[in-house]
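Below: the structure, in structure tokens.
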Amino acid sequence: MTGSPDISVSKDAEQLSHLAAVTIRDLIGRAIKARGFSFVALAGGETPLRVYQMLAADPVQSTIDWRHVHLFFGDERMVPPDDPASNYGMVFREMVSRIPIPTDNVHRIRGEASASDAGREYEAELQKWFGGSVPRFDIVLLGVGEDGHTASLFPGTDSLNEVSRMAIGYFVPQLKSWRVTLTLPVLLSARETLFLAAGKRKASVIARILGTGEPQANLPASMIRPTHGTVRWMLDEEAASLL
Ligand code: 6PG
């Protein structure tokens with residue numbers, strides 16, 4: 001990866017989650033101070049769950065002005081919100097249901113719809129809040145899969161070539177299932193991007209991503225190099241063990 005990415009290594013997943021929660025709290029405050037609002041795209045999967053719990057609990061929760069925060073999603077599985085696999089369902093249970101955020105400030109992807117419909121609806125929501133230009137999120141939270149995917153941008157799929165749509169629904173061959181995801185143009189325009197990775201099983205892909213000089217389509221997470229933004233890799237010792 002060109003340049004020296006901002007990498008932090010925490011002792012364990014709990015310490016990583018705490019560092020991520022306070023970093024997100026601080027970045028939200030900075031965005032509200034500068035522009036009146038903070039627009040955040042959340043990651044799904046397991047890694048950020050504890051971060052959401054910490055953001056929804058004191059001492060962090062009450063230091064965030066949730067009225068001026070808008071929560072979006074980096075991607076979604078095509079399941080209803082009450083399905084255990086739903087990213088929105090997880091975020092709702094662990095955070096949204098516990099914080100004083102206005103309902104209209106939470107912009108979920110309708111997993112119960114078809115991927116195509118949900119993708120177009122989500123794109124319309126993005127255009128409503130960001131205008132016709134490429135959405136520029138204040139904060140994008142991302143995880144990384146062992147195959148190098150991030151959000152639902154999977155290696156070797158056409159999703160990586162999508163540069164006109166801001167969000168798409170597509171069939172992921174590796175999963176044999178449909179996903180909706182933000183596309184690269186959006187992820188590349190973020191002000192602050194936080195990658196979270198914990199555990200030994202992520203060590204190899206983290207070393208490949210952070211060891212590569214150039215973005216690689218077979219490692220989508222390595223392609224996230226916002227032109228005017230900061231990328232923080234927040235790891236625990238196990239995930240960083242091969243660096
Ligand atoms: C999803 C995520 C996905 C996730 C990675 C890592 O919907 O699954 O958006 O990109 O961040 O797969 O998942 P874990 O945190 O569960 O390892």
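The values are calculated or read from the model by the stated rules, or taken from the named source; none is laboratory data. None of the values given here were measured: they were computed from a predicted structure. Cβ placement follows ideal geometry from the backbone for every residue including glycine, while neighbour counts extend to all protein chains displayed. When the accessible area is computed, the model is the full protein with side chains, heavy atoms only, and any ligands, DNA or RNA have been set aside. Shrake-Rupley method; radii C 1.70, N 1.55, O 1.52, S 1.80 Å.
Observations, loosely collected:
- Surface accessible to a 1.4 Å probe, per residue, for the residues of segment 102-143, Å²: 46
- Percent of Cα-Cα distances greater than 30 Å, calculated over the chain: 18
- Computed over protein heavy atoms with a 1.4 Å probe, the carbon and sulfur contribution to the accessible area of the chain reaches 53%.
- Rg/Rg_globular for segment 130-214, with Rg_globular taken as 2.2 N^0.38 Å and Rg from C-alpha atoms: 1.14
- Neighbourhood charge, 9 Å Cβ-Cβ cut-off, centred on Glu146 and excluding it, Lys, Arg +1 and Asp, Glu -1: +1
- For segment 199-243: rounded, prolate or oblate by the Cα gyration tensor [a/c cutoff 1.5]: oblate
- Lysine pairs in the chain whose alpha-carbon atoms fall under 23 angstrom of each other, counting only those eight or more residues apart or on distinct chains, come to 4.
- Residues whose amide H comes within less than 5 Å of that of Thr230, counting only those at least five positions distant or on another chain, are Glu192, Thr193 (H built at 1.01 Å from N in the peptide plane).
- Accessible surface for segment 28-77, divided over its residues, is 41 Å² per residue with a 1.4 Å probe.
- Sum of side-chain charges, His228 neighbourhood, beta-carbon under 9 Å (Lys, Arg +1; Asp, Glu -1): +2
- In the chain, the calculated helix contribution to ellipticity at 222 nm averages -8500 deg cm²/dmol per residue, counting -39,500 (n - 2.57) for every DSSP H run with n ≥ 4.
- Taking 7 Å steps out from each Cα toward its Cβ at Ala85 and Glu146 produces label points 1.8 nm apart.
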